[in-house]
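Shown next, in structure tokens, is the structure this report addresses.
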Amino acid sequence: MADCIFCQIINGDIPSVTIYEDDQVKAFLDISQGTPGHTLLVPKKHVRDIFEYDDQLAQDVFRHVPLIARAIKASNPAIQGLNIVNNNGEVAYQSVFHSHIHFVPRYTDHDDFAMTFKDNSDKYTNADLQQIADNIKAHLED
Ligand code: AMP
Ligand code: ZN
């Protein structure tokens, strides 16, 4: 896709700092370096978000996640943990609409990454939870 910044990176039209590359995927440093070592893994095929993955693409991309995760962890003894984040849709903080997975190394609990969600468990009965689950289950596809 001509006007996609990650397609341009994949094609070598704009520079990136590459960590890994094969026929299916490329991993490169996120320019923001939210924390040192912040890396993106992208499929070479242009897909907008997780909703466009088929089984083959999922295998091609997600099978690389542990490889990249382990390499990042091993790269610096100061890394204590790792957040793996995949944003889908503007409301979910996606800003580049070529699917990608963030690897954000964590150094301390007050470094430059945070992820929070409220605990709303007191607002749901078991029946509410079952209804939500049934609705999702009804939409599972093979
Ligand atoms: P998201 O907000 O989940 O869509 O993440 C997009 C990410 O792409 C951001 O963290 C940006 O810092 C990163 N990004 C944008 N342009 C570039 C670029 N040219 N090279 C590397 N990372 C980039
Ligand atoms: Zn693209």
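The table below gives the values:
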read-out	value
Any chance Asn83 is outside any helix (DSSP H, G or I), polar (S, T, N, Q), over 16 Å from the mean Cα position of the chain (by Cα) and farther than 24 Å from Asp54 by Cβ	no
Residues within the range 19-43 that are closer than 15 Å to Val65 by Cα, within 13 Å of ligand 1 (Cβ to nearest atom) and hydroxyl-bearing (Ser, Thr, Tyr), tallied	1
Meets criteria (over 12 Å from the mean Cα position of the chain (by Cα), among the polar types (S, T, N, Q) and modelled with pLDDT under 95) for Thr125	no
Selection count, the range 19-37, where residues are buried (at least 17 other Cβ atoms within 10 Å of the Cβ), closer than 23 Å to Ala58 by Cβ and in contact (Cβ under 8 Å) with a residue 40 or more places away in the chain	3
Residue match in the range 81-96 (condition: within 16 Å of ligand 2 (Cβ to nearest atom) and aromatic (Phe, Trp, Tyr))	no
Residue in the range 1-18 that is surrounded by the fewest Cβ atoms within 10 Å (Cβ to Cβ), counting only those that are more than 8 Å from ligand 1 (Cβ to nearest atom) and among the small types (Gly, Ala, Ser)	Ala2
Residues located in the range 104-142, provided they are closer than 30 Å to Leu29 by Cα, exposed (fewer than 10 other Cβ atoms within 10 Å of the Cβ) and of a type in the set (D, E, K, R)	Asp109
Residue check, Val96 assigned to a loop (DSSP other than H, G, I, E, B) and among the aliphatic types (A, V, I, L, M)	yes
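The values are calculated or read from the model by the stated rules, or taken from the named source; none is laboratory data. The structure displayed is predicted, hence computed values, not measured ones. Virtual Cβ from ideal backbone geometry, glycine too; neighbours counted across all protein chains shown.
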